[in-house]
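Undergrad: Take a look at the following structure, please.
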Amino acid sequence: MPIGDRLGWWSPDPRAVLPLDGLRVTRSLRRSCRRYEVRFDTAFSQVVAECADEGRRHGWITPEVRAAYEDLHDLGWTHSVEAWDDAEHLVGGLYGVAVGGLFAGESMFHRASDASKVALVGLVQLLVAEGFQLLDVQWQTDHLASLGVVEIPRGAYLERVADAAAAPQAWPQTAPLRDH
């Protein structure tokens with residue numbers, strides 16, 4: 001979040017991660033997965049814009065931050081995961097940074113029930129298929145805990161993030177479209 005004219009940076013302790021083998025998909029979420037199509041990197045700018053909605057509580061995605069993520073996307077470092085409805089409307093999604101075998105989720109949004117959760121399911125499927133090691137979600141909320149997110153101490157996190165980031169780049173050059 002901007003602090004005066006500086007950009008703040010946080011490294012919470014403990015850190016929240018989603019073990020790639022620990023995603024909890026309820027029966028209700030499985031039904032929602034059938035309602036939406038998951039796509040990767042087809043609407044990055046739109047996902048970031050939705051996440052940057054000024055009406056969101058605790059918003060931190062300023063125009064400068066958006067521009068930085070756009071630049072990182074152009075360089076292949078940031079990626080979006082999108083949930084689309086049958087009418088071809090973007091109804092949910094998330095974006096984050098991929099480095100080696102690490103995906104660091106930055107923000108998510110939804111405009112329809114469970115749409116951001118469906119995007120998360122699609123992300124985990126891709127990360128598992130591509131051999132990723134770590135999905136960092138920064139903070140544990142009740143919502144994320146219900147999906148399997150756990151907290152780990154900073155020391156353990158730093159070891160895991162170093163190993164994951166040093167792994168060969170795992171994000172596919174062209175991420176597949178996924179139907180659930």
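Undergrad: Which numbered condition trips up PHE103, out of (1) more than 23 Å from ARG15 (Cβ to Cβ); (2) touching a His at 6+ places or on another chain (Cβ under 9 Å); (3) among the hydrophobic types (A, V, I, L, M, F, W, C)?
TA: Result: PHE103 fails condition (1) only.
Undergrad: Answer yes or no: is there a residue in the range 142-154 that is among the charged types (D, E, K, R), surrounded by fewer than 21 Cβ atoms within 10 Å (Cβ to Cβ) and farther than 18 Å from LEU23 by Cα. Walk me through it before giving the result.
TA: Just the residues of the range 142-154 that are among the charged types (D, E, K, R), to begin with: 142, 151, 154.
Filter once more, keeping what is surrounded by fewer than 21 Cβ atoms within 10 Å (Cβ to Cβ): 142, 151, 154.
Those still in the list that are farther than 18 Å from LEU23 by Cα too: 154.
Yes, some residue in the range 142-154 is among the charged types (D, E, K, R), surrounded by fewer than 21 Cβ atoms within 10 Å (Cβ to Cβ) and farther than 18 Å from LEU23 by Cα.
Undergrad: If you don't mind, there's one more thing I want to ask. Starting from the range 159-171, keep only residues that are loosely packed, with under 14 Cβ neighbours inside 10 Å, then list their pairs with residues that are in a loop (DSSP other than H, G, I, E, B) whose Cβ atoms are within a distance under 8 Å, requiring at least 6 positions of separation or different chains.
TA: Hits for this filter: ALA166/GLY100; PRO168/GLY100; PRO168/GLY101; GLN169/GLY100.
Undergrad: Of all residues in the range 26-52, which are β-branched (Val, Ile, Thr), touching a residue at least 60 places away in the same chain (Cβ under 8 Å) and part of a helix (DSSP H, G or I)?
TA: Selection gives VAL47 alone.
Undergrad: Looking at PHE109, PHE103, PHE40, can you tell me which residue is surrounded by 15 or more Cβ atoms within 10 Å (Cβ to Cβ), farther than 24 Å from GLN140 by Cβ and either touching an Asp or Glu at 6+ places or on another chain (Cβ under 8 Å) or of a type outside the set (Lys, Arg) (or both)? It would help to see each step written out before you state the result.
TA: Working: PHE109 fails: farther than 24 Å from GLN140 by Cβ; PHE103 fails: farther than 24 Å from GLN140 by Cβ.
Just one listed residue meets the conditions, PHE40.
Undergrad: Check off (1) assigned to a loop (DSSP other than H, G, I, E, B); (2) crowded, with 18+ Cβ neighbours inside 10 Å for SER80 and give me the number that stays unchecked.
TA: Among (1) assigned to a loop (DSSP other than H, G, I, E, B); (2) crowded, with 18+ Cβ neighbours inside 10 Å, SER80 violates only (1).
Undergrad: Report yes if ARG56 is more than 30 Å from ALA166 (Cβ to Cβ) and either in a strand (DSSP E or B) or at pLDDT below 95 (or both), otherwise no. Reasoning before the result, please.
TA: Values: more than 30 Å from ALA166 (Cβ to Cβ): yes; either in a strand (DSSP E or B) or at pLDDT below 95 (or both): yes.
Yes, satisfied.
The values are calculated or read from the model by the stated rules, or taken from the named source; none is laboratory data. The structure displayed is predicted, hence computed values, not measured ones. Cβ sites come from the backbone with ideal geometry, for glycine too, and all protein chains shown count toward neighbours.
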